[in-house]
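Here is the structure we will look at.
The values are calculated or read from the model by the stated rules, or taken from the named source; none is laboratory data. Small disclaimer: the values here were computed from a predicted structure and weren't measured. Positions of Cβ are generated from backbone atoms using ideal geometry, with glycine treated the same way; all protein chains shown enter the neighbour counts. When the accessible area is computed, the model is the full protein with side chains, heavy atoms only, and any ligands, DNA or RNA have been set aside. Shrake-Rupley method; radii C 1.70, N 1.55, O 1.52, S 1.80 Å.
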Amino acid sequence: MFEHMIDEACVHYAITNSGGISPNVVQAEAEVMYLIRAPKPSQVKELYERVVKIAKGAALMTETQMEQ
């Protein structure tokens, strides 16, 4: 995704809940927080919409669900 963003934009993330501490186990749920920065609000909105599409695509591929 970064190759398709403007140079001044940044997308940061933090895994706020990995769902548990057991290794090699797919947890029932997990949480991640994304912070998007760009010079203009319209650019932030565009990147946000793209991040949401990526999350929805990942949920489809893994047959899971995502919430905004």
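Taking ALA28 as the residue in question, decide whether it is assigned to a helix (DSSP H, G or I) and either surrounded by 13 or more Cβ atoms within 10 Å (Cβ to Cβ) or without any contact (Cβ under 8 Å) to a residue 60 or more places away in the chain (or both).
No: the conditions fail for ALA28.
Quick one: in the range 2-15, which of the residues that are open to solvent by 60 Å² or more (accessible area, probe 1.4 Å) and of a type in the set (A, V, I, L, M) is farthest from THR62 (Cα to Cα)?
Result: ILE6.
What is the number of the single condition among (1) surrounded by 11 or more Cβ atoms within 10 Å (Cβ to Cβ); (2) modelled with pLDDT under 95; (3) not aromatic (Phe, Trp, Tyr) that PRO23 does not meet?
Looking at each condition in turn, PRO23 falls short on (1).
Of the residues SER18, SER42, which single one is over 18 Å from ILE6 (Cβ atoms), open to solvent by less than 100 Å² (accessible area, probe 1.4 Å) and polar (S, T, N, Q)?
Of the residues listed, the single one that is over 18 Å from ILE6 (Cβ atoms), open to solvent by less than 100 Å² (accessible area, probe 1.4 Å) and polar (S, T, N, Q) is SER18.
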